[in-house]
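**Student:** Once you've had a glance at the structure underneath, I'll fire off some questions.
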Amino acid sequence: MPLPDFRFHHTLRIRYAEVDAQGVVFNAHYLTYFDVAHTEYMRATGYDYAGEVARSGLDFHLVKSVVEYRQPIVFDQLVDIWVRVARIGRTSLSNLFEIHAAGADDLLAQGETIMVCADMATHRPVPVMPSFADAVTRFEGRTLTG
């Protein structure tokens, strides 16, 4: 996906504890990177995510994650993790991620997560909060529902 399709990225430096015996980032850490970038994305939208969860009792459950590994990422490397909400459905949202060397176009990894909005008391799906959908749509500057 062309980087102009993304409005947000978060930069981080790979820590020694995240690499394996081969000297590359251990595969499970990629989902942590996606989660960190998504958290920073939500902060960038200006939406009070934690406040909404506390007020409404609704939150998102991760139901699917996909990671495609393209090139090795190594200790002390700076990477940009690009994230965008690709689609907001009735009860779910789809996020797309790309990891690039910081300031570069070379694709190191990409992925997708799908989250379902749920009532935290019952863990049953419920419609995505309109305030959430509105904030993300405004931030992205394009239609996300449908």
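Rule-based calculations on the coordinates, nothing more; no lab input. Here the structure is a predicted model, which means the values were calculated and not measured. Virtual Cβ from ideal backbone geometry, glycine too; neighbours counted across all protein chains shown.
**Student:** Please report the orientation-averaged projected area of the stretch 9-92, defined via the convex hull of its C-alpha atoms, in nm².
**Tutor:** Spelled out: convex hull of the Cα atoms, projected over all directions, averaged, 6.7 nm².
**Student:** Report, in degrees rounded to the nearest 10, the 0 to 90 angle that the Cα long axis of helix 29-45 makes with the longest principal axis of the chain.
**Tutor:** Approximately 50 degrees, to the nearest ten.
**Student:** Please work out the C-alpha center-to-center distance from the stretch 51-119 to the stretch 1-27 and express it in whole Å.
**Tutor:** Their Cα centres are 12 Å away from one another.
**Student:** Taking amide H atoms as placed 1.01 Å from N in the peptide plane, list the residues 5 or more away in sequence, or in a different chain, whose amide H sits under 5 Å from that of residue 11.
**Tutor:** Those lying under 5 Å, H to H, from residue 11 are 81.
**Student:** Let me ask something else about it. What does the extension gain come out to for residue 105 and residue 145, with contour length at 0.36 nm per residue minus their alpha carbon separation?
**Tutor:** Once the chain is fully extended between residue 105 and residue 145, it gains 11.5 nm.
**Student:** How many nm separate the modelled label positions at residue 63 and residue 90, each set 7 Å beyond the Cα in the direction of the Cβ?
**Tutor:** In this crude label model, residue 63 to residue 90 measures out at 1.1 nm.
**Student:** At 7 Å along Cα-to-Cβ for each site, give me the label-to-label distance between residue 134 and residue 43 in nm.
**Tutor:** It is 2.5 nm.
**Student:** Can you find, among 72, 60, 128, the residue farthest towards the positive end of the dipole of the chain? Put +1 on the C-beta of Lys and Arg, -1 on that of Asp and Glu.
**Tutor:** 128
**Student:** Rounded, prolate or oblate: pick one for the chain, where a ≥ b ≥ c are the square roots of the eigenvalues of its C-alpha gyration tensor, a/c under 1.5 means rounded, and failing that, prolate if a/b is larger than b/c, else oblate.
**Tutor:** prolate
**Student:** If you don't mind, there's one more thing I want to ask. Quick check on the chain: helices-only [θ] at 222 nm, where DSSP H runs of length 4 and up contribute -39,500 (n - 2.57) each and the sum goes over total residues. Nearest 500, please.
**Tutor:** -7500 deg cm²/dmol
**Student:** Roughly how big is the stretch 3-140's charge dipole about its Cα centre, with Cβ charges of +1 (Lys, Arg) and -1 (Asp, Glu), in debye to the nearest 20?
**Tutor:** With only Lys, Arg, Asp and Glu charged at Cβ, the dipole is about 360 debye.
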